[in-house]
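Presented below is the structure to which this report refers.
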Amino acid sequence: MSLEELFEEVFKKIPELAQEYLGGFVEEALSDSKKFCIEIEGRLEKWLGQYQRGELNREELEWLVKSLKSLAHGQLLSEAGIAQARTQNFFEGVLEFLIKIAITALL
Amino acid sequence: MRRFWMLLGLLAVTAVLTTGCVPGDPAALAEAKLLKVDSLELMGKAVEPFTDHETEVEALTTRLKAALADNAAKCCNETLTDQWRILLDTETNQLGAFIERWETKGILGATFIEEAKWVVDKSFDQIINVEEERCK
């Protein structure tokens, strides 16, 4: 296999690897964010009901509501961390394939 | 020849990106899962006086701080370290603040505990999701 053919193989493989590691990520992130917002909304309604029924006092309700802000921050960090991990896996996949094909072609 | 240079460029970018990222750590993932279970279990005991569980709280806090320190020590691991900080900080109203509140108040209400456990459960899941993705 010539050097040109080797590169051709790698370039052909990249879309497949991108699909494998990164495919559907945006849709998943959007779906997760939407799910998170729905959960938060449901929980807020639950807490307000518990407060009205006297199961939570005002201080407890305020404590819990404040926790949602940091939970939302954590969600953003989580999405960023997952994106970083997937990108890393993609590049490692490309590198692994390149090394594999180079060894096959050159040895 | 143009493709050769493109591939070389891709390799350079790959090298930079992969060395800058943290590899998956199955031990850290396992410890995060264990810490979640143990933390939620201990939170459930906040219906009883804090002084009855001081030793358990101390032991758990030590493990939690160790997890934060381990993450902070890893290169290019800012997002996950920040997630641990949010969980343990006393100002963010998650686990760290819950323990502080338990210590201050002595005993906490059952409904409040259940709802705070939901928050901490979610926060641990956010951390575990990242660790799991890295370990794939």
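Being within 24 Å of B:TRP102 (Cα to Cα), facing chain B (nearest Cβ under 7 Å) and in contact (Cβ under 8 Å) with a residue 12 or more places away in the chain is a property that A:LEU48 lacks.
Where residues in the range A:51-71 are more than 7 Å from chain B (Cβ to nearest Cβ) and of a type in the set (S, T, N, Q), which of them is surrounded by the fewest Cβ atoms within 10 Å (Cβ to Cβ)?
A:GLN52
Out of curiosity, is A:GLY74 out of contact with any Phe, Trp or Tyr (no Cβ under 9 Å at 6 or more places or on another chain), facing chain B (nearest Cβ under 10 Å), part of a helix (DSSP H, G or I) and not basic (Lys, Arg)?
Here the answer is yes, as A:GLY74 does meet what is asked.
Just checking, which of A:GLY23, A:GLY42 is out of contact with any strand residue (DSSP E or B) (no Cβ under 6 Å at 6 or more places or on another chain), under 30 Å from A:LEU95 (Cα atoms) and either at pLDDT 90 or above or not aliphatic (A, V, I, L, M) (or both)? Of A:GLY23, A:GLY42, the one residue that is out of contact with any strand residue (DSSP E or B) (no Cβ under 6 Å at 6 or more places or on another chain), under 30 Å from A:LEU95 (Cα atoms) and either at pLDDT 90 or above or not aliphatic (A, V, I, L, M) (or both) is A:GLY23. Report yes if some residue within the range A:42-53 is at positive phi, out of contact with any Phe, Trp or Tyr (no Cβ under 6 Å at 6 or more places or on another chain) and not in a helix (DSSP H, G or I); otherwise report no. No; the residues of the range A:42-53 include none that is at positive phi, out of contact with any Phe, Trp or Tyr (no Cβ under 6 Å at 6 or more places or on another chain) and not in a helix (DSSP H, G or I). In the range A:87-104, of all residues being crowded, with 18+ Cβ neighbours inside 10 Å and within 17 Å of the chain's Cα centre (by Cα), the one that is farthest from the other protein chains (Cβ to nearest Cβ) corresponds to A:PHE90.
Counting only residues that are over 30 Å from A:GLN52 (Cα atoms), modelled with pLDDT of 95 or more and more than 8 Å from every other protein chain (Cβ to nearest Cβ), the range B:111-131 holds 1 of them.
The values are calculated or read from the model by the stated rules, or taken from the named source; none is laboratory data. What you see is a predicted model; the values in this text were computed from it and never measured. Here Cβ is always computed from backbone atoms with ideal geometry, including for glycine, and neighbour counts include all displayed protein chains.
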